[in-house]
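Taken together, the values in this text are just the output of simple stated rules run on the coordinates, not laboratory data. This structure is a prediction, so every number in the text was calculated from the model and none was measured. All Cβ positions, glycine included, derive from the backbone under ideal geometry; neighbour counts span all protein chains shown.
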């Protein structure tokens, strides 16, 4: 079975920015720690998983449909430094240099785009999808043909979660994750859930009743203390479930053959990386060409680009 790797580009940018020291700069003095981190993770994914198809999704600037439904959505998050936002176009330059299709849609998050791609492929497509994301929300679309590549230490160490492994690890099925957040909430996204239920309470309720709708249909079978909490937060519970549910109805022009992982142009990639001063990443590109899953064999013989020294990189990345 062929393999499609979908990458949560925005998530990897954030991860790279906070994992790599901020003193990474380009030859012109621009911050490049997020670019370095993203590119390092991308190279690790390519080398370790060798996809047949590949695509990246990004968040788009501006409010999403979730902000319109609940104005406090993500309101408690501290705004990221401008140095991170300045590097997003630079990361897209890297993606373009590798010839990887990138997707972003106004009003939707990268997670929704990845979920929409999976939905468009459908269960009959003879491709296994691996989603590279550190976002727990992505677990809700795991299935027999969709697994999640979830980082444990950067992406140098990452675990692949199947639907069965998600249930074993968390006690609920992928399909129950929106219900879980409807009950437990999500502090990182400022999703309220039901006050006083918590993680363990949410898991137990779902194990007993299956989903949020069934829980509210059987309040009489639930202990008085928990029942009162549920009754007091009914509206928040269903709103929270809706906010946590990935939206698959995204206006998206996706063509699987166009995402075929091509032999990337080594010269273009290395020139792009040279512009950022990434000497060690250029060496990794050369090493990848020796195995040639993505490039022409003769690319190894090209004159290596001379670069200055880089700061020591974080141990989170290979």
* State the extension gain, in nm to one decimal, for the chain segment bounded by residue 187 and residue 82, taking 0.36 nm per residue of separation less the distance between their alpha-carbons. => 35.5 nm
* Picking from 168, 279, 50, which is most flexible by a Gaussian network model of the chain using Cα springs under 10 Å? -> 168
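For the chain, calculate the relative contact order in percent as a whole number, restricting contacts to Cα pairs under 8 Å that are 6 or more residues apart. Mind showing how you got there, number by number?
Details: 534 pairs, mean separation 69.9, N = 318.
Contact order relative to length: 22 percent.
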* By how many degrees, 0 to 90 and rounded to 10, does the Cα axis of helix 234-244 deviate from the longest principal axis of the chain? -> 20 degrees
* To do: Please tell me the relative contact order of segment 127-188 in percent, rounded to the nearest whole number, where contacts are Cα pairs under 8 Å and at least six residues apart.
  => 28 percent
* Mind pulling the angle between the C-alpha long axis of helix 110-121 and the longest principal axis of the chain? Nearest 10 degrees, somewhere in 0 to 90. => 90 degrees
* Could you tell me how many degrees, from 0 to 90 and to the nearest 10, lie between the Cα long axis of helix 82-97 and the main elongation axis, the longest principal axis, of the Cα atoms of the chain? => 60 degrees
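Suppose R0 equals 35 Å. What FRET efficiency, 1/(1 + (r/R0)^6) with r the Cβ-Cβ distance, do residue 2 and residue 283 give to the nearest 0.05?
Working: r = 30 Å, r/R0 = 0.84.
Result of the calculation: an efficiency of 0.75.
Given the convex hull of the Cα atoms of segment 146-203, what is a quarter of its surface area in nm²?
Values: hull surface 18.1 nm².
If you wrap the Cα atoms of segment 146-203 in a convex hull and average its projections, you get 4.5 nm².
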* **Segment residue 48-residue 28, extension gain: residue separation times 0.36 nm, minus the distance between their alpha carbons** => 4.0 nm
* Structure fact -> At the level of C-alpha centres, the distance separating segment 161-211 and segment 1-62, in angstrom, is 29 Å
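Exposure proxy check: 114, 273, 252 ranked by fewest other beta carbons within 10 Å?
Lowest to highest Cβ neighbour count: 252, 273, 114.
What percent do you get for the relative contact order of segment 174-244 when only Cα pairs under 8 Å and 6+ apart count? Display every interim value, and only then the final one.
Details: 91 pairs, mean separation 32.0, N = 71.
RCO, segment 174-244: 45 percent.
Okay, helix-only estimate at 222 nm for the chain: each DSSP H run of n ≥ 4 adds -39500 (n - 2.57), divide by all residues, round to 500 deg cm²/dmol; what do you get? Numbers along the way, then the final one.
Working: 13 runs with 139 residues, N = 318.
It lands at -13000 deg cm²/dmol.
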